[in-house]
Amino acid sequence: MWDIPQSRNKAYLFSAIIFLSVFTIGSEINMTEQEAQMLVGEFESQFIGIGWEDIFLHNLGLSLGMFVPFIGFIWAPTTALMTGIAFSAYTIISPDVINFSPLWLFVTPFGMMELAAYSIAMGSSIQLTAAIVNMRKTKQVPVMKIFVKTLLIRLSTITILLGIGGFIEYEILENMEEIMGVFQ
């Protein structure tokens with residue numbers, strides 16, 4: 001069955017490694033200061049006047065795409081790459097403020113929660129894809145009740161993680177000037 005804990009944990013670990021690796025690659029992409037300014041300007045204009053609910057819904061939308069069989073394990077690295085590129089742009093514009101490894105973001109409470117949620121979603125996509133392929137090979141139809149129950153539990157888990165993470169991320173962003181003043 002596709003929900004054996006050992007294979008589930010391997011799928012989650014594999015997903016986390018892929019996500020972090022692609023994020024790191026994205027954060028190393030070089031661009032001119034003008035390109036970085038343009039990218040950051042576009043990025044920040046999307047987040048003017050948003051609340052924690054908006055951050056939550058944005059991240060939830062990204063993670064729901066990661067659940068889709070055959071597509072989710074392509075969508076997740078694409079999301080990681082784009083996030084890494086945004087981080088790279090910020091480091092070019094503010095090298096005195098952002099002078100740390102991009103992986104440190106995933107040590108923050110919201111970073112850990114987002115990584116866990118994205119790993120669950122991408123890992124589920126891998127497992128669902130494998131189950132569909134296996135189902136077609138063996139001509140056996142798995143019990144849909146197990147699929148639905150497992151997916152609802154995973155969706156509930158990522159919803160909780162991203163809700164709490166979105167609130168923490170919002171509070172950090174709202175208080176960034178005070179936080180950065182403490183570290184300088």
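The numbers here are math on the coordinates, done by the rules we state, and not lab data. Bear in mind that the values here come from a model prediction, so they are computed numbers and not experimental data. Ideal geometry is used to build each Cβ from the backbone, glycine not excepted, and the neighbour counts take in all protein chains shown.
Across the options PHE110, THR157, ASN134, the greatest Cα extent toward the positive end of the charge dipole of region 5-175 (unit charges at beta carbon of Lys, Arg, Asp, Glu) belongs to ASN134. Peptides 33-44, 63-74 ranked from most to least packed give 63-74, 33-44, packing being the mean of other C-beta atoms within 10 angstrom over each peptide's residues. Membrane-span-like helices in the chain (whole DSSP H runs, Cα extent of at least 15 Å along the helix axis, mean Kyte-Doolittle hydropathy of at least 0.5): 5-27, 52-67, 72-93, 109-138, 144-174. Computed about its Cα centre, the charge dipole of region 5-175 is approximately 1680 debye, with only Lys, Arg, Asp and Glu carrying charge at their Cβ. Listed options for Kirkwood radius over Cα pairs in Å are (i) 17.7; (ii) 23.6; (iii) 19.4. The value calculated from this structure is the one marked (i).
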